[in-house]
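Participant: Below is the structure I would like to discuss, written out as structure tokens.
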Amino acid sequence: MPANLVARDVSLIPEPDRSEGSPHPREVYELLGHADSEARYLEALNSGRLHHAWLITGPPGIGKATLAYRIARHRLGGSSLLDQSLDIPPADPVAQRIESQGHGNLSVLRRPYDPKSKKLKRDIPVDEIRALSKFFQSTAAESGDWRVCIVDKADDLNMNSENGILKLLEEPPARTLFLLLSDQPGRLLPTIRSRCLHLPLRAVPEAQLSRWLGSRTDVRPEFQQAATALSRGAPGKALALVGHVETVLNPLKRLMQTLSGTGDDMSLAKSLVSAKEATSRELFWDALIDTIQAQAVHAGTGVWTGPFEPIAARKSPASWISLAERAQSTRAAEAGINLDKTASLFDLLSRIRAA
């Protein structure tokens, strides 16, 4: 059966659609920005021509899953306090059942947990699609005859499960709404994309994001500003960054302050190598690459859009661009082959310092 229908203790089993240190999107009721995307959905709903499948796209942390759960609460009968709104309050019975993973008319398709290996599977296997088909064929478990399927993320479908989802989209069950979430929609089958209405989520303006982040965190302003600059307009990523000040933002700040001289690059590289620091390592890679790219722009234009203060080292725009390309290739190689993670990051930091 679909993963969300299996009784389990979510405090013990990892969830692939939950960011470390953040609430799960089913527990989040406020969506920052994207009012135009909500309006587009409501317009389709009110017209009586609600499409059966929507592809919600945007970078990680932008709010795709938060929007999907807002739509699901509304479609499954939650009562909004306002007309023409997806704002269903947490106390609503539908919202409570969704939050507790107990709503029988909602299926969430995501990478399942393998109890044998005690790890999340690398992709969404076709068995999950077969279970989803049975879910649609069975009698509705809740009052109301609409059913919602959230695929988080469609990027995690393998070839067989992609074809399985495609068949369901081609011949959708009656009164069913599919919400497919994707960071990289270009990698999905064109036939899947063609059967969905595309709902792209854009970056939240920096000023709006900065105010929102400042009202939800008590970290120092310099770290709030750095998280905003590095978030690429994604609220979820900004929250993740302020939640990793000591493992990501503070080390990045120290690196930038010492790149024109000497620093303990080996200690930094070693600090991010353990499995428990996997999230910190991914965030640091993102932050480092974005900072190098910001340095390239600053070297050529004098405009600074990165975190903290520009690095004092004097390098040409071409040198910074070359370093950014090196960082991206090193990261990709690290993910694709069994590189020594300490050595790969230390080597890159040494090249940045020496270039």
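Taken together, the values in this text are just the output of simple stated rules run on the coordinates, not laboratory data. Predicted, not measured: the structure shown is a model, and the values here were computed from it. Counting neighbours? That spans all protein chains shown, and the Cβs are built from the backbone with ideal geometry, glycine included.
Participant: When the chain is fully extended, how far beyond the present Cα-Cα distance does Lys119 get from Glu43, taking 0.36 nm per residue of separation? Numbers along the way, then the final one.
Facilitator: Details: separation 76, 0.36 × 76 = 27.36 nm, distance 4.12 nm.
Contour length minus the Cα-Cα distance gives 23.2 nm.
Participant: Setting aside same-chain residues fewer than 8 positions from Lys119, which lysines have a Cα under 28 Å from its Cα?
Facilitator: Lys64, Lys134, Lys153, Lys237, Lys270, Lys276, Lys341
Participant: Further question on the same structure: Below 8 Å, C-alpha to C-alpha, sequence gap of six or more: please give me the relative contact order for region 133-196 in percent. Can you show the working numbers first?
Facilitator: Working: 52 pairs, mean separation 27.7, N = 64.
43 percent.
Participant: Continuing with the same structure: So, in Å, what gap is there between the alpha-carbon centers of region 60-78 and region 267-281?
Facilitator: Spelled out, the Cα-based centre of one part sits 32 Å from the other.
Participant: If you take the charge dipole of region 3-200 about its Cα centre, with +1 on Lys and Arg Cβ and -1 on Asp and Glu Cβ, which of Gly33, Asn105, Pro190 is farthest toward its positive end?
Facilitator: Highest projection toward the positive end goes to Pro190.
Participant: I've got another one for you. Below 8 Å, C-alpha to C-alpha, sequence gap of six or more: please give me the relative contact order for the chain in percent.
Facilitator: 17 percent
Participant: Charges only on Cβ, +1 for Lys and Arg, -1 for Asp and Glu: so what's the dipole of the chain about the Cα centre, in debye to the nearest 20? Working shown, then result.
Facilitator: Values: 44 positive and 41 negative charges, 103 e Å.
Using Cβ point charges on Lys, Arg, Asp and Glu, the chain gives about 500 debye.
Participant: Another question, if that's okay. When the helix-only estimate is applied to the chain (DSSP H runs of n ≥ 4, each -39,500 (n - 2.57), divided by the residue count), what is the mean residue ellipticity at 222 nm, nearest 500 deg cm²/dmol? Numbers along the way, then the final one.
Facilitator: Values: 14 runs with 161 residues, N = 355.
Estimated from H runs of four or more residues: -14000 deg cm²/dmol.
Participant: Can you give me the angle between helix 221-230 and the longest principal axis of the chain, using Cα atoms only, in degrees from 0 to 90, rounded to the nearest 10?
Facilitator: Tilt of helix 221-230: around 70 degrees.
Participant: Using a 7 Å offset from the Cα along the Cα-to-Cβ direction at both Lys134 and Lys167, what is the distance between the two label points in nm, to one decimal?
Facilitator: Distance between the two pseudo-spin positions: 1.5 nm.
Participant: If you don't mind, there's one more thing I want to ask. Kindly list the residues of region 67-101 that lie in the label zone of Ser215, defined by a backbone N under 20 Å from the point 7 Å along the Cα-to-C-beta vector.
Facilitator: The answer is 67, 70, 81-83, 85-91, whose backbone nitrogens lie closer than 20 Å to the label point.
Participant: Related question: According to the square roots a ≥ b ≥ c of the eigenvalues of the Cα gyration tensor, what is the shape class of region 3-200, taking rounded for a/c under 1.5, prolate for a/b larger than b/c otherwise, and oblate for the remainder?
Facilitator: Values: a/c = 1.32, a/b = 1.15, b/c = 1.14.
Rounded is the answer for region 3-200, as its axis ratio a/c remains below 1.5.
Participant: Picking from Gly302, Gly104, Gly58, which is most flexible by a Gaussian network model of the chain using Cα springs under 10 Å?
Facilitator: Ranking Gly302, Gly104, Gly58 by mean-square fluctuation puts Gly302 first.
Participant: Let me ask something else about it. Sort Tyr41, Tyr69 so that the residue with the fewest other Cβ atoms within 10 Å of its own Cβ comes first and the one with the most comes last.
Facilitator: Numbers: Tyr41 22, Tyr69 28.
Exposure proxy ranking, most exposed first: Tyr41, Tyr69.
Participant: Modelling each spin label as a point 7 Å along the Cα-to-Cβ direction, I'd like the Asp264/Thr279 distance in nm, to one decimal.
Facilitator: 2.5 nm
Participant: Taking 0.36 nm per intervening residue step and subtracting the Cα-Cα distance, what contour gain separates Arg351 from Gln257 on full extension?
Facilitator: Details: separation 94, 0.36 × 94 = 33.84 nm, distance 1.61 nm.
Going from the current span to full extension adds 32.2 nm.
Participant: For a quick check, take a GNM of the chain with Cα springs below 10 Å and name the residue from Leu181, Leu120, Leu252 with the largest mean-square fluctuation.
Facilitator: Evaluated over the chain, the most mobile residue of the options is Leu120.
Participant: So which trypsin sites (Lys or Arg not before Pro) in region 272-328 pass both tests, a DSSP loop state and at most 13 other Cβ atoms within 10 Å of the Cβ? Could you put the intermediate results ahead of the total?
Facilitator: Values: sites: Lys276, Arg281, Arg314, Lys315, Arg326; in loops: Arg314, Lys315.
Passing sites in region 272-328 are Arg314.
Participant: Could you point to the residue in His51, Ile292, Met266 farthest towards the positive end of the chain's charge dipole, with +1 and -1 charges on the Cβ of Lys/Arg and Asp/Glu respectively?
Facilitator: Met266
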